[in-house]
Amino acid sequence: MLFSSPTADSSNAPLPDGAPLPPIEVHDLTVAYGRKPVLWDIDLEFNEGELVGVVGPNGAGKSTLIKAMLDLVPSASGWVRIYGEPYAARRKQVGYVPQRESVDWDFPVNARDVVLMGMYGRLGWFRRPSRKDHHTADECLEKVEMSAYGDRQISQLSGGQQQRVFLARALAQDARIYVMDEPFAGVDAATEASIVRVLRDLRAEGKTVVAVHHDLQTVEEYFDSLVLLNLRVVANGPTSEVFTRDNLLATYGGRLTILDRAAEAVRRGGGPRIDRP
Amino acid sequence: MTAILGFLTFDYNTRVVLLGTLSLGAAAGVIGTVALLRRRALLGDALAHATLPGVWIAFLLFGKNFSFLMLGAMATGLLGVATVSALSKYTRIKEDASIGIVLSVFFGAGLMLSGWVHHNSTNASQSGIDSYLLGKTAGMLASDARFICVVGLIVVAAVLLLYKELKLLCFDPEFAAVQGWRVGLLDFALMILLTATTVIGLPAVGVVLMVALLILPGAAARFWSDRLSVLLVLAGVFGLVIAGTGTMVSAAAARLPAGPVIVLCGTVLFAASMLFAPRRGVLARWSRTRSHRRRRVRQRIVQRLFEAFEKDASIALASLSELSQRIRVDRRSFNRAVNRLIRDHWIVVGSGGVGFTDHGWDRALRTVRTIRLWEQYLLTHANIDRDLVDPDVDVIESLLSTAVIHELELGLIESGRLPRDHRNTAIQAPPTASREVPL
Ligand SMILES: Nc1ncnc2c1ncn2[C@@H]1O[C@H](COP(=O)(O)OP(=O)(O)O)[C@@H](O)[C@H]1O
Ligand SMILES: [Mg+2]
């Protein structure tokens, strides 16, 4: 096993074509850090080819849900299935965009190097990216409108550009499901437009995207389905049905300032942004 | 100097010893850089100190056999590392405290063992081992050096082989885990390589200062390059130079322990890099800040002058003293900036005052436009991407999309703040009639 490809194990398990397996299915999932439960009895099922938003206040467990789906945190009970199999068997079907703050952007690599990392999983042990892989990386940079920045050291990029590099790295993973933690956090307008375009292209290709989102103003515009989360799932379903005042009150309950603005956002179908502090 | 030259032309044994220390330096530079990027530098220090008891235990059990001494050092070194991670994982003690505990406890145990051996043994053979504390190359056997050389080469080869994996591990271990890489295994491999390098460094550099040979080359190299591959090569070369120079000097001056000399060489190299490296070095940064500041003063002069003409389109020249009052910088900076603007043919200063040249008008329009667009951007796109704002950029189009710029310009037109060319005020149509926008 030591010298096998990191993703060779059984992640090539064939997808049963035609069978209506949900891309992601979460059953009775409970996650705790120490004794403190962070996610509690989560049941979810996502539809293929949808953009799914995960919405909830700070500390609601959104990142933890993402990490639990990717086997990054152990679950106390319950399970997650990707196309009917545990995550370890489906790694290659899943692309990941972590929170931008999760890495040190002063690391001595350039944008293209970071995008190439998306292909390391498929390359396996010891094999280096080929000329063709470099070409693919440039294509991924092009998709996020960053082709001019491939040779830029990553600390020389703006926050929005760094976010796009992360997105390009996930595209390089060439997956069927994309999981993203706050891809729109702290980005400029150009980046936001570029990311939205990529998400819609992915949907057009029949891929499934699950993204944590913090801006209630744009939720309806961007996402087909929603998960409203706060320790438990408050609501889950098509955005038009789920994005209601009552549901938002239940999700953000108690946080008065946010509550008012959330209510206003719903009422007007757009209002002030609700940013993370 | 003659001593060093003499050393170079010495016999086969001496040259083998030199080869050993050179490969040690290269290996330490390379693996130390990886450890630095994985934030394991402090752990490397604990590791080095934790090897001491192993050396003495091996000596007590097997006598003075070089390979066994190295194995003993490796064993307690790894035990020390394992203790650190166990303490941080299973207790509430934070990692830095765990490192402190392991370092002092293991090192203390090593010193106690050493004292005990000295007290109870009449055997003089432990004398060589005493130098493991601060390092000494004089007594090194050719066979020991060959061993060091081989291990050093293995470490470098392993980093080459695992280059891509280690790069990913250091940059984004979580992403590595998502792709199915065994992060724990990779970290373990890194620790083994680090331990092996530390252990072969003991005879030459010693327990106390080994961490310097691991860290200084990489830290110095970081000032010279932004690319990992270049960084590793450079750190390897730096390590080689440091270790080589250090051991030669120490061998030439018989009473100097090698460890401190090596650290001294490393410090010189690090300090020189920190000061003189282009772009990242302290001096380069300092001169960049200075020219930035001066540029900002010139920018403000151009802006204020432009505004003077904007306010009163009938004048052809503005008063220099009034201008200097509106720009709150010291006289010297102001004069320097004005002289530079004259030299660059932006402005002309006569007895009647100061005015733009034709070229100056072109540049001023561009400068003021950029500044106002950024102001507008901060006004309307506040809270979004402040990293982007750079008033020094010549072509704002390289940072913002045309759509955004267009939107900003509309905003400026609305508030009447889009800069316009006042060059030929006399023949210009009244402002209300000329709402044309130069896009
Ligand atoms: N590694 C961790 N150890 C302990 N507690 C954590 C850890 N990560 C997150 N938490 C806690 O779990 C809760 C949920 O965190 P998170 O999933 O990051 O929320 P969100 O992403 O919705 O803001 C928070 O209260 C946070 O403090
Ligand atoms: Mg989060």
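Residues in region A:79-116 that are among the small types (Gly, Ala, Ser) and either part of a loop (DSSP other than H, G, I, E, B) or more than 16 Å from ligand 1 (Cβ to nearest atom) (or both): A:84, A:88, A:89, A:95, A:111. Hey, can you tell me all the residues within region A:101-123 that are open to solvent by 40 Å² or more (accessible area, probe 1.4 Å) and within 16 Å of ligand 2 (Cβ to nearest atom)? Answer for region A:101-123, where residues must be open to solvent by 40 Å² or more (accessible area, probe 1.4 Å) and within 16 Å of ligand 2 (Cβ to nearest atom): A:101, A:102.
Looking across A:164, A:131, one residue alone is under 16 Å from residue A:192 (Cβ atoms), away from chain B (no Cβ under 11 Å) and either open to solvent by 10 Å² or more (accessible area, probe 1.4 Å) or free of Cβ contacts under 8 Å to residues at least 12 places away in the same chain (or both). It is A:164. Only one entry of B:28, B:50, B:46, B:35 meets the criterion of being buried (at least 24 other Cβ atoms within 10 Å of the Cβ) and more than 26 Å from the chain's Cα centre (by Cα), and that entry is B:50. Tell me yes or no: at least one residue of region A:28-35 is within 12 Å of chain B (Cβ to nearest Cβ) and either buried (at least 21 other Cβ atoms within 10 Å of the Cβ) or away from ligand 2 (no atom under 16 Å from the Cβ) (or both). Yes, region A:28-35 contains a residue that is within 12 Å of chain B (Cβ to nearest Cβ) and either buried (at least 21 other Cβ atoms within 10 Å of the Cβ) or away from ligand 2 (no atom under 16 Å from the Cβ) (or both). Among the residues making up region A:41-72, those that are within 13 Å of another protein chain (Cβ to nearest Cβ) and either away from ligand 1 (no atom under 16 Å from the Cβ) or open to solvent by 20 Å² or more (accessible area, probe 1.4 Å) (or both) are A:63, A:67, A:71, A:72. On the basis of being away from ligand 2 (no atom under 16 Å from the Cβ), of a type in the set (Val, Ile, Thr) and within 12 Å of another protein chain (Cβ to nearest Cβ), does residue A:144 make the cut? It is false that residue A:144 is away from ligand 2 (no atom under 16 Å from the Cβ), of a type in the set (Val, Ile, Thr) and within 12 Å of another protein chain (Cβ to nearest Cβ). The single residue among B:285, B:293, B:304 that is closer than 21 Å to residue B:362 by Cβ, basic (Lys, Arg) and out of contact with any His (no Cβ under 6 Å at 6 or more places or on another chain) turns out to be B:304. Is at least one residue of region A:20-35 in a loop (DSSP other than H, G, I, E, B) and closer than 30 Å to residue B:228 by Cβ? Scanning region A:20-35 turns up no residue that is in a loop (DSSP other than H, G, I, E, B) and closer than 30 Å to residue B:228 by Cβ. Quick check on my filter: what residues within region A:74-99 are open to solvent by 20 Å² or more (accessible area, probe 1.4 Å) and within 11 Å of chain B (Cβ to nearest Cβ)? A:88, A:91, A:92, A:99 - these are the residues of region A:74-99 that are open to solvent by 20 Å² or more (accessible area, probe 1.4 Å) and within 11 Å of chain B (Cβ to nearest Cβ). Here residue B:207 fulfils each of the conditions (1) in a loop (DSSP other than H, G, I, E, B); (2) open to solvent by 20 Å² or more (accessible area, probe 1.4 Å) apart from (2). Residue under question is residue B:218, and the condition is that it be in a helix (DSSP H, G or I), open to solvent by 30 Å² or more (accessible area, probe 1.4 Å), more than 27 Å from residue B:67 (Cβ to Cβ) and within 14 Å of chain A (Cβ to nearest Cβ); does it hold? So residue B:218 does not fit the description; no. Return yes when residue B:180 is in contact with a Ser or Thr (Cβ under 6 Å, 6 or more places away or on another chain) and surrounded by 15 or more Cβ atoms within 10 Å (Cβ to Cβ) and no when it is not. For residue B:180, the condition - in contact with a Ser or Thr (Cβ under 6 Å, 6 or more places away or on another chain) and surrounded by 15 or more Cβ atoms within 10 Å (Cβ to Cβ) - is met. Evaluation of residue B:265 against the conditions (1) over 30 Å from residue B:335 (Cβ atoms); (2) in contact (Cβ under 8 Å) with a residue 40 or more places away in the chain shows that the sole unmet condition is (2). Got at least one residue in region A:257-272 being within 16 Å of ligand 2 (Cβ to nearest atom), closer than 30 Å to residue A:121 by Cα, modelled with pLDDT under 95 and open to solvent by 30 Å² or more (accessible area, probe 1.4 Å)? No, every residue in region A:257-272 fails to be within 16 Å of ligand 2 (Cβ to nearest atom), closer than 30 Å to residue A:121 by Cα, modelled with pLDDT under 95 and open to solvent by 30 Å² or more (accessible area, probe 1.4 Å).
Applying the criterion of at least 1 residues that are closer than 20 Å to residue A:66 by Cα to the helices (runs of 4 or more DSSP H) found wholly in region A:120-196 leaves A:120-123, A:159-172. Figure legend. Inter-residue proximity from region A:100-121: first residues more than 8 Å from every other protein chain (Cβ to nearest Cβ) and touching a residue at least 40 places away in the same chain (Cβ under 8 Å), second residues surrounded by 23 or more Cβ atoms within 10 Å (Cβ to Cβ) and outside any helix (DSSP H, G or I), beta-carbon distance below 7 Å, spacing 6+ or different chains. Indicated pairs: A:111/A:146; A:118/A:173. Of the residues making up region B:374-391, one or more are modelled with pLDDT of 80 or more, in a helix (DSSP H, G or I) and either in contact with a Phe, Trp or Tyr (Cβ under 6 Å, 6 or more places away or on another chain) or more than 14 Å from chain A (Cβ to nearest Cβ) (or both). When only residues in region A:173-199 that are touching a residue at least 60 places away in the same chain (Cβ under 8 Å) and away from ligand 2 (no atom under 16 Å from the Cβ) count, which is farthest from the other protein chains (Cβ to nearest Cβ)? Checked region A:173-199; the qualifying residue farthest from the other protein chains (Cβ to nearest Cβ) is A:199. Within region B:240-249, not a single residue is within 14 Å of another protein chain (Cβ to nearest Cβ), open to solvent by less than 40 Å² (accessible area, probe 1.4 Å) and in a helix (DSSP H, G or I).
The values are calculated or read from the model by the stated rules, or taken from the named source; none is laboratory data. Here the structure is a predicted model, which is why all the values come from computation and not from measurement. All Cβ positions, even for glycine, are placed from backbone atoms using ideal geometry, and neighbour counts span all protein chains on display. Surface accessibility is based on the protein's heavy atoms, side chains included, excluding ligands, DNA and RNA. Shrake-Rupley method; radii C 1.70, N 1.55, O 1.52, S 1.80 Å.
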